[in-house]
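Report on the structure given below.
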Amino acid sequence: MLSVHFSIGQFNRKAIRPLKPAATKANDKSKSTLIGHLNLQLARTYLAATDPMVAKRTWQVPMDELGKTKRGPTLVRWQRAIRDKAFDLIRDLPTLE
């Protein structure tokens, strides 16, 4: 039985260990970071295409919208919680940076 090890485009007939363990791990990390950045940029592009105001929307907007879904004592708790100083750090930041 022949086992094949896939390592960033290289084939190794012996699956005992990768061809270059240290370089492979570093290369995997940089590739995964790059892919993560590309995915984030794609998500931003799709959101901007579907909702032009997304770039200008601050965190206060979703806070207000979530409050509209609350009723009774839950609404009172939500309003009290959302006024907390901790949210002042993000309240005026754009939701999509």
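A short reminder: the numbers here are calculations on the coordinates, not readings from a lab. The structure displayed is predicted, hence computed values, not measured ones. So basically every Cβ, Gly included, is an ideal-geometry build from the backbone, and we count neighbours across all protein chains shown.
Points to keep in mind about this one:
- Extension reserve of the VAL54-GLU97 stretch, reckoned as 0.36 nm per residue once the Cα distance is removed: 14.5 nm
- For THR58, the residues whose amide H sits under 5 Å from its own are THR95, ignoring neighbours fewer than 5 places away on the same chain, with H placed 1.01 Å from N.
- Using the Cβ-Cβ distance between ARG80 and THR33 with R0 set to 41 Å, the FRET efficiency from 1/(1 + (r/R0)^6) comes to roughly 0.55.
- Take the Cα of LEU66, step 7 Å toward its Cβ, do the same at ARG44, and the gap between the two points is 2.3 nm.
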